[in-house]
1. Could you check, for the stretch 141-149, whether at least one of its residues is part of a loop (DSSP other than H, G, I, E, B), more than 44 Å from the chain's Cα centre (by Cα) and more than 23 Å from residue 182 (Cα to Cα)?
2. Taking residue 163 as the residue in question, decide whether it is assigned to a strand (DSSP E or B), within 22 Å of residue 99 (Cα to Cα) and touching a residue at least 24 places away in the same chain (Cβ under 8 Å).
3. Of all residues being over 21 Å from the mean Cα position of the chain (by Cα) and within 12 Å of the ligand (Cβ to nearest atom) in the stretch 26-52, which is surrounded by the fewest Cβ atoms within 10 Å (Cβ to Cβ)? Just the residue, please.
4. Collect the residues in the stretch 168-177 that are crowded, with 17+ Cβ neighbours inside 10 Å and within 9 Å of residue 229 (Cβ to Cβ), keeping them in residue-number order.
5. Here are 37, 25: which of them is part of a strand (DSSP E or B) and farther than 30 Å from residue 147 by Cα?
6. Kindly evaluate residue 340 against the criterion of being part of a helix (DSSP H, G or I), out of contact with any helix residue (DSSP H, G or I) (no Cβ under 6 Å at 6 or more places or on another chain) and either surrounded by 15 or more Cβ atoms within 10 Å (Cβ to Cβ) or touching a residue at least 12 places away in the same chain (Cβ under 8 Å) (or both).
7. Every residue in the stretch 265-287 that is in a strand (DSSP E or B) and buried (at least 17 other Cβ atoms within 10 Å of the Cβ), please.
Ligand code: GLU
């Protein structure tokens, strides 16, 4: 049987990078086996539905190159791929379980249930609607057939009839066996009073009907596994393989990475911008390849020290055996380091196609563009760093005061005059490095002082790309003007 995996997000907001990693691992599992990666939108919870989420999910997957083989947009023979469009399928499947005596209708009002919950709380217990008390409630097991028919005209839910005294064991390929006593489970609702299925029911029915062979999802779903197994068993279906991925942890301290951590520490937790307050990795200057690479490392390795993998390398190397059990700590500095590696390796012409790069170079002669990008490329950790790195293109607005004061003590005027003279009289007017260094040597002038003077007068501070390469980009006129300005400034 060919591998078929699915990514099944609920459209309840932007796709968190934890969700994106789940999508990636599903995609890799499919590609490695030559199988199919399916996108299924689990939109049965109307209360949590947020407009624009599905579109966001599709866009984010596309940006990362994690393209589904089947899904709501491209279709496929197992569709529809939106659960809200599959209502009748769930209804008939629930009916099937009722007919077999493995599910039942329940007519209890929210008030009655809430009273029961309060009472249980008073007794120091957790309320559970199940084998011990189901006959005390109003459902098709406790009332007559005739009463049931009447009650079905009003609101009702369909519940799974959990058999007490059973031991439920499910195997997870990452965590091994998960075992739960059925006495601990309640009679889970399968169909809600609005006619929509619950997550558990729709998820199992769809995984079966879509011929899913492996379920790869976040660890937070592990506690639901025994319930899912009961539903599979009720239908007499074989379960797919299960793999629950480790949590992505906060950069420090305990717990799962949240949006709040990102807001507090100034890093993104979403791939793309969601609203004006929520920027994504893309807007903060990440390349999709480096984000995908970083996500792959969150809980997986190939058994070597290697950390750089393109998506197509991952498609070949990925293996469930390389997934760790324990949580994976999010490390923004590492994500930036990887992005830096990717930017350094990308073709200069490809960088020039990026909007943010083009915008910064606007107004600068076209023939200089490649030279400028080559000059600063290896200094960029995000594409957004480009702005700062090419700030030397504009005349310095202010000078690093501390550095200027230190320089003044050593009297840089002869150096500045020499620079001016060399630039003015040199045929290759920007190539002043050799004559300047020779002069410094003959005058016993420390090279550090020479370099600091040149850098301060051209750029305004002591950091930035190679200063002679900067000279070449700026050209004679600009250099002469800046040297003059600086001489006036320190006088
Ligand atoms: N709709 C669930 C979610 O958003 C899917 C869980 C699963 O993959 O089974 O996480």
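1. yes
2. No, not satisfied.
3. 45
4. Selection gives 168, 170.
5. Criteria check complete, one pass: 37.
6. When the stated conditions are applied, residue 340 passes them.
7. To start, the set of residues in the stretch 265-287 that are in a strand (DSSP E or B) comprises 275, 278.
Matches in the stretch 265-287: 278 only.
Residues are listed down the side, and each one gets a yes or a no for (1) within 21 Å of residue 373 (Cα to Cα); (2) out of contact with any helix residue (DSSP H, G or I) (no Cβ under 7 Å at 6 or more places or on another chain); (3) assigned to a helix (DSSP H, G or I):
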| residue | (1), (2), (3) |
| --- | --- |
| 439 | no, no, yes |
| 461 | yes, no, no |
| 465 | yes, no, no |
| 471 | yes, no, yes |
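The values are calculated or read from the model by the stated rules, or taken from the named source; none is laboratory data. This is a predicted model, so every value here is computed, not measured. Here the Cβ is made from the backbone with ideal geometry for all residues, glycine too, and neighbour counts use every protein chain on show.
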